[in-house]
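The values are calculated or read from the model by the stated rules, or taken from the named source; none is laboratory data. Keep in mind that what you see is a predicted model, and the values were worked out from it rather than measured. Cβ sites come from the backbone with ideal geometry, for glycine too, and all protein chains shown count toward neighbours. For the accessible areas, the whole protein counts, side chains as well, though only heavy atoms, and no ligand, DNA or RNA atoms are used. Shrake-Rupley method; radii C 1.70, N 1.55, O 1.52, S 1.80 Å.
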Amino acid sequence: MYLRYVFPAYRSVVQFSRFRMALLLVLLPFLFTVGCKKIEDALPPKQLDLKLVADNMVSPTTLVEAPDDSHRLFVVDQVGKIWIIDASGKKMTQPFLDISSKLVTLQTVYDERGLLGLAFHPNYKTNGKFYLFYNAPPPAGGPTEDAGNTGLEKRWSSTIRVSEFKVNPGNPDEGDINTERVILEEPHPQLNHNGGTIAFGPDGYLYISIGDGGNKNDIGPGHVEDWYKTNAGGNGQDIEKNLMGSILRINVNTSSNNRNYGIPRDNPFVGKRGRNEIFAYGFRNPYRFSFDMGGSRRLFAGDAGQNLYEEVDVVVNGGNYGWNVKEGTHCFNAADEEEELSSCPDKDIFGNTLIDPVIELRNLDNPKGGLINAVVGGYVYRGHDIPGLDGQYIFGGFSAEEDSPAGLLFVSKPQGGSGLWDFEKVKLKSFPNNLGQYVKGFGQDLSGEIYTLTTTSLGPQGTSGKVYKLVPAVDLSELSK
């Protein structure tokens, strides 16, 4: 996800400080305008900060609130643990679930595999079901040439697995590892580009992102041939031989054809050429995606690029997002990833237009100058703490420096129609330059507030993992005293 490919890399209530008094005097005109405009409404939407919520994790990748009125936040740690932050904001001492024994062995220096996704069933309050996306040990055989100590052999890197679990009926703070029911599996050739987000859409179906298989340029062992002969390889453009390079959509409430899931009838390839599970395709590594909680409930996906461009897509049913024909809005060259092709097709052989991203950022390797080394998809803000931010998309960059933790947050106002959206760096009071941490993921609670998940370690090791909440830089409760 992050690398281009593996290893190239507390005042009295009465007493005010002078600062608070000065700030209050500045805000007084806003407090007494016609209609009694609230102090919150006077807050510039970009005056933001991050508030530490929880720490002492390894590599947190996502955060989800359980839909059971308990107001608990569940944090996924890549090494196989799920942590609970209770309604009081305290991280519980014991994990909700530990599936580390089920994972493929992770490399501590750098690895994109592990426990990557969590989704609660919409009826979790009554049925106790939740779903995980993780990398299990690989099946026998495989396409990847591994020249390790045992010599050259063909093997897979892992098995991508989506499984259903249930909560312990006697303890809501404990998941039952013995209730696992495997829903879907797909062998994966490399340790990178796993995708890893799972989420229930507004239609009640489960969406799953899977990367193109790893390596670079969508080429090499485990990458099949596709219709675009100019660029060798093509899991991103293939829709028949495997599920990689795609966002899938399945129905976990039914089963069919000896599978523990059903296929929505309006999936784009039902009754046509192509795998029925595929909802959209043409992705390199759609590591984090999310649904807007409001508006038209659009699906946003951050797709990590190769060497030149990073992108965010608005994903639609049947959409082809171009990889590896294109990287962002540019023609990609699999033979030389740092040299764009002068031209490329604008449609695939099925007649589907290659859909351009809505946000494009230059990668650090871009000769024209870059911002980040990998995009991390976020969420549309729908909370109440920062009114001026409503409806804007918050996303991140893994790091603004190639070899050290320097994550960034960005904001963009979604638009209609075609063309790229403007975006800007989020100005954070406590982090004026960058976070000094890698951005590993985001989360959103049921109130629409957004959280950022970070670590200072490139690989899944140590205890530097943290969860922050996006908050106003000005403490409104203090100002009202």
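Given (1) among the β-branched types (Val, Ile, Thr); (2) surrounded by fewer than 24 Cβ atoms within 10 Å (Cβ to Cβ); (3) within 17 Å of the chain's Cα centre (by Cα), where does residue 312 come up short, assuming only one miss?
The number of the failed condition is (2).
Suppose the filter is over 18 Å from residue 120 (Cα atoms), surrounded by 19 or more Cβ atoms within 10 Å (Cβ to Cβ), out of contact with any Gly (no Cβ under 6 Å at 6 or more places or on another chain) and not acidic (Asp, Glu); does residue 246 pass it?
Yes.
Among the numbered conditions (1) touching a Pro at 6+ places or on another chain (Cβ under 8 Å); (2) open to solvent by 10 Å² or more (accessible area, probe 1.4 Å); (3) over 30 Å from residue 253 (Cα atoms), tell me where residue 279 comes up short.
The number of the failed condition is (3).
Find the strands (runs of 3 or more DSSP E) located wholly in segment 383-481 whose residues include 1 or more that are closer than 28 Å to residue 92 by Cα, more than 18 Å from the chain's Cα centre (by Cα) and β-branched (Val, Ile, Thr), and list them.
465-472
Please specify each residue of segment 56-70 satisfying the condition of being of a type in the set (Gly, Ala, Ser) and crowded, with 24+ Cβ neighbours inside 10 Å.
59
Quick grid of which residues meet (1) surrounded by fewer than 20 Cβ atoms within 10 Å (Cβ to Cβ); (2) modelled with pLDDT under 95; (3) part of a helix (DSSP H, G or I):
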site	(1), (2), (3)
2	no, yes, no
12	yes, yes, no
26	yes, yes, yes
50	no, no, no
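For residue 252, only one of the following conditions fails: (1) under 30 Å from residue 341 (Cβ atoms); (2) hydrophobic (A, V, I, L, M, F, W, C); (3) buried (at least 20 other Cβ atoms within 10 Å of the Cβ). What is its number?
It is condition (1) that residue 252 fails.
Any residue in segment 334-347 that is out of contact with any Leu (no Cβ under 6 Å at 6 or more places or on another chain), outside any loop (DSSP other than H, G, I, E, B) and surrounded by 21 or more Cβ atoms within 10 Å (Cβ to Cβ)?
No, every residue in segment 334-347 fails to be out of contact with any Leu (no Cβ under 6 Å at 6 or more places or on another chain), outside any loop (DSSP other than H, G, I, E, B) and surrounded by 21 or more Cβ atoms within 10 Å (Cβ to Cβ).
Among strands (runs of 3 or more DSSP E) lying entirely in segment 116-227, which contain 3 or more residues that are open to solvent by 40 Å² or more (accessible area, probe 1.4 Å)?
Those strands (runs of 3 or more DSSP E) span 144-148, 151-155, 175-188.
Return the residues of segment 219-276 that are hydroxyl-bearing (Ser, Thr, Tyr) and closer than 26 Å to residue 326 by Cβ; say none if nothing qualifies.
Within segment 219-276, 228, 230, 246 meet the criteria.
If only one of 60, 67, 137 is farther than 18 Å from residue 445 by Cα and at pLDDT 95 or above, which one is it?
137
Modelled with pLDDT of 95 or more and loosely packed, with under 14 Cβ neighbours inside 10 Å: which single residue out of 100, 88 fits that description?
88
Has segment 386-399 got at least one residue that is open to solvent by 10 Å² or more (accessible area, probe 1.4 Å), of a type in the set (D, E, K, R) and more than 18 Å from residue 291 (Cβ to Cβ)?
no
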